[in-house]
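In what follows, a structure is listed as C-alpha cells, so that the remarks can point back to it.
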Amino acid sequence: MRVMGLDYGDRRIGVALSDAFGWTAQGLEVLERRKDSGELDRIAKLVKEHEVSEIVVGLPKNMNGTIGPRGEICMEFASTLREALCLPVHLWDERLSTVSAERTLLEADVSRKKRKQVVDKMAASLILQNYLDSKR
C-alpha cells in the first residue's frame, strides 16, 4: 500500500506518491483547484488507482510554530478528505517546502515556465519524503 502526499495551495494541489515499500516519494501530478471541488474526485480516483492506504497533507505553520489562516484551511481540507475517502489523513509540518523546491529548481537552472509547472509537485514530494523518513 502506498502513501500519498499533498501540497494544498490556493490555486493548485501538488500530488506525490510513495513507492510500494514506503521508502521514497515521487511527484505524480499537479491538480488545478476548481470552484466545484472537482479535485476531490481526481484525488479519489488516484487513491483507488494506486492503492493508497493513507494521505499526508502539508500543514503550513508560521515560523514560530503557530497555525495561521492558511494552516486552518489545510486542516479543513484534511478533514474533508478523511470523511470523503475513509482513509487516515495526517497533517505534516511543511514549513519552507515550497521555498526549498523553488531553490532546488533554480539551482538546476529550470526555466520560470517549467518551475511553475512542477514546483507544487516537488513540494508534495518533499512533504511526503520527510513524513516517510520520520517513520523509519
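The values are calculated or read from the model by the stated rules, or taken from the named source; none is laboratory data. Predicted model, so just to flag it, every value in this text is computed and none were measured. With ideal geometry, Cβ positions are generated from the backbone for all residues, glycine too; neighbour counts draw on all protein chains shown. Note: accessible area is taken over every heavy atom of the protein model, side chains too, but ligands, DNA and RNA are not part of it. Shrake-Rupley method; radii C 1.70, N 1.55, O 1.52, S 1.80 Å.
What are the DSSP H helices in the chain that stretch 27 Å or more along their long axis, judged by alpha-carbon atoms, and whose average Kyte-Doolittle hydropathy comes to at least -1.0? Those that pass (Cα extent of 27 Å or more, hydropathy at least -1.0) are 112-134. Across the chain, the relative contact order, built from alpha-carbon pairs under 8 Å that are at least six residues apart, equals 33 percent. What residue among A44, L59, L85 has its Cα farthest toward the positive end of the dipole of the stretch 12-136, where the charges are +1 on Lys, Arg and -1 on Asp, Glu, each on the Cβ? Of A44, L59, L85, it is L59.
Counting only Cβ charges, +1 for Lys and Arg and -1 for Asp and Glu, the dipole size of the chain around its Cα centre is about 360 debye.
Mean-square fluctuations from a GNM of the chain, with a 10 angstrom spring cutoff on Cα atoms, peak among M63, M75, M122 at M63. Given the rule -39500 (n - 2.57) for each run of at least 4 DSSP H residues, summed and divided by the residues of the chain, what is its mean residue ellipticity at 222 nm, to the nearest 500 deg cm²/dmol? The per-residue figure over the chain is -15500 deg cm²/dmol. Structure remark: mean-square fluctuation, Gaussian network model of the chain, C-alpha springs under 10 Å; the largest value among K48, K121, K61 belongs to K48. Protein heavy-atom accessible surface, 1.4 Å probe, per residue over the chain: 58 Å². Annotation: the chain has a Kirkwood hydrodynamic radius of 14.9 angstrom, from the mean reciprocal C-alpha pair distance.
Ligands, DNA and RNA left out, the 1.4 Å accessible surface of the chain is 51% carbon and sulfur atoms.
Springs join every pair of Cα atoms under 10 Å in this Gaussian network model of the chain, and among E32, E94, E54 the largest mean-square fluctuation is at E32.
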